[in-house]
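What follows is a short report on a single structure.
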Amino acid sequence: MSKGSVLVVEDESLVAAYASRCLESLGYRVAGVASNGAQAFSCAEEAKPDLVLMDINLEGGMDGIEAAKKIRFGLNIPVVYVTGSADDTTVEKAKAAEPLGYLLKPYGHRDLSSTIETALNQFRALHSRTKRAAQAVEEKYKVFFECSAIGVSQSTVSGQLLSANPALARILGYESPEELLALVTDLGRQLYVDSDFRRALMRELDQRRLVRQVEAEVFRKDGSRIWVSLNACRVDDGTGEEPYNLFAVEDITERRQAEQERQIMEVMLRQAQKLEAVGQLAAGIAHEINTPTQYVADNVRFLQDGFGDLGKVLKVYEKTLAACSMGEPTHELLQELQDVVKAADLEYLEEEIPKAIEQTLEGVGRVSTIVRAMKEFSHPGTGEKTITDIHKAIESTLIVCRNEYKYVADVVTDFDPALPSLRLLAGDFNQVILNLVVNAAHAIVDAVKETPDARGTISISTRRDGNTAEIRVSDTGTGIPEAVRSRIFDPFFTTKEVGKGTGQGLALARAVIVGKHQGEITFETEAGKGTTFVVRLPIE
């Protein structure tokens, strides 16, 4: 009974014949004889011997060491080296190929037998350990595959499911993995709501071999739709088998719904805060409108009285003109005309009526400006970014909230005329500026409350910094205490007294600038000197 088969690789025919006779006498079958490295690999690939007896020094393009590496790691066949040269360089090169034995020429039957048996025993032990390790890994994978809460599947590159675990079947609404595999035969057509999604995903896997946390909308068995997060990789084990795709699938429908609800709540909260701000400003706006309305009304009453006096003069003039056309007017009629002209004070009316008309138009224009600013400030917008003149937006906001600061501060603006319009959510941007200006006014109130008639300054400037637009809102208020500086953007945090602030202004400002516009909002402050909020927005 043969102990196994051995491939002899030897470029000297006499040595090869000797090795073959020795192997046969020891009970081994000679699987073949090769004389060079390329021939050795070809013979090993075809004959699949139990062991290769490899001469290190071979003629040709591939020496024995290179051939041994290909056979050892490519075909998983143990190799025993045979050499007549044992110099250090050769030994070191040989060890790199990880042979399981080493024979020096000339060798006898006993040396050959001992070396081969040792090599085969080592290889079998190694193979056994590897097999047990592989079985353990396979068992762990099977447990993970069957028990994982995450859906796992294998599919061909063309889109056919090869395997699926119970979690994936549950996610997609099928009774079992077997039902899923039987009914879903074309992933691109049956699974994905967007038929182009899978093609784009396959292109990504072709290029990168790995895709992480891609979100897709998919169909369940009953036709309903859910959102899933995909992690995928392209697997090619190098065995010549067709590559396949490995997927990990997680149902994120509830998370996306929660995100959508959160976004809706944010929109509603911003709108509610805007309405609250308008409500708080209503009294001041009413006062702003009342002042020009008052002198418009006064001037109209003056014009009414003046027109009455002019009417009396015109009537007497008509009588006098009629008398002149019939002859000379009487002395009494001329006296009446003089009296009514004197009573009307025509010189005064001629001077004051144009002023009254000009003031009336100015008052109407002022009211129109306030109303237009209110409309621009409170307009809910389209929900999409539009090209916005931020200077006009800032000016409109200053008009709307003028009553908040006019008694305590002067506003100074310094706008960069070279700054282009920006693509913004205009209503949200207006709200940010309003919050910053009102906060600045309140800070100045706190700073000057101990000094009667003192006033502060609110400075608003813009400038372009590369591809960024910078808006700075500064005040000469009390500054922000160091202990709370890290918290001022936190929701519901406020340093104002009860009833004067909700703690949402700066939190929403950051949400708008950072979250909605990919910008930045920071501040610079000094206790007792004031604070500057810096808003940076990208210029598209």
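Look at residue 503 and say whether it is at pLDDT below 80, of a type outside the set (Asp, Glu) and on the phi > 0 side of the Ramachandran plot. Criteria met by residue 503. Could you list all residues from segment 354-371 that are under 12 Å from residue 303 (Cβ atoms), open to solvent by less than 30 Å² (accessible area, probe 1.4 Å) and among the β-branched types (Val, Ile, Thr)? Result: 360, single match.
Residues that are in a helix (DSSP H, G or I), of a type in the set (A, V, I, L, M, F, W, C) and modelled with pLDDT of 85 or more within segment 1-22 comprise 17, 22, listed in sequence order.
Let me confirm something: among 498, 484, 534, which residue is among the hydrophobic types (A, V, I, L, M, F, W, C), modelled with pLDDT under 85 and in contact with a Ser or Thr (Cβ under 7 Å, 6 or more places away or on another chain)?
Working: 498 fails: in contact with a Ser or Thr (Cβ under 7 Å, 6 or more places away or on another chain); 534 fails: modelled with pLDDT under 85.
Among 498, 484, 534, only 484 is among the hydrophobic types (A, V, I, L, M, F, W, C), modelled with pLDDT under 85 and in contact with a Ser or Thr (Cβ under 7 Å, 6 or more places away or on another chain).
If you filter segment 60-97 down to residues that are modelled with pLDDT of 75 or more and in a loop (DSSP other than H, G, I, E, B), you find that the one that is surrounded by the most Cβ atoms within 10 Å (Cβ to Cβ) is 78. Pairing each residue of segment 332-359 that is on the phi > 0 side of the Ramachandran plot with any residue that is part of a helix (DSSP H, G or I) and of a type outside the set (Ser, Thr, Tyr), provided the two are 6+ apart or on different chains, yields C-beta distances under 8 Å for 345/309. Scanning segment 420-436 for residues that are open to solvent by less than 10 Å² (accessible area, probe 1.4 Å) and more than 14 Å from residue 400 (Cβ to Cβ) gives 422, 424. Step by step: first the residues of segment 108-136, then only those that are surrounded by 11 or more Cβ atoms within 10 Å (Cβ to Cβ) and among the charged types (D, E, K, R), then the one that is modelled with the highest pLDDT. Which residue is that? Going through the qualifying residues, I end up with 117.
Within segment 202-217, one or more residues are closer than 30 Å to residue 512 by Cα, surrounded by 17 or more Cβ atoms within 10 Å (Cβ to Cβ) and in contact (Cβ under 8 Å) with a residue 24 or more places away in the chain. For segment 406-443, a residue qualifies if it is in contact with a Ser or Thr (Cβ under 8 Å, 6 or more places away or on another chain), over 16 Å from residue 470 (Cα atoms) and acidic (Asp, Glu), and exactly one does: 410.
The values are calculated or read from the model by the stated rules, or taken from the named source; none is laboratory data. The shown structure was predicted, so the numbers you read here are calculated from the model rather than taken from an experiment. As a convention, Cβ positions derive from the backbone with ideal geometry for all residues, glycine included, and neighbour counts pool all protein chains shown. The area values use the complete protein model at the heavy-atom level, side chains included, leaving out ligands, DNA and RNA. Shrake-Rupley method; radii C 1.70, N 1.55, O 1.52, S 1.80 Å.
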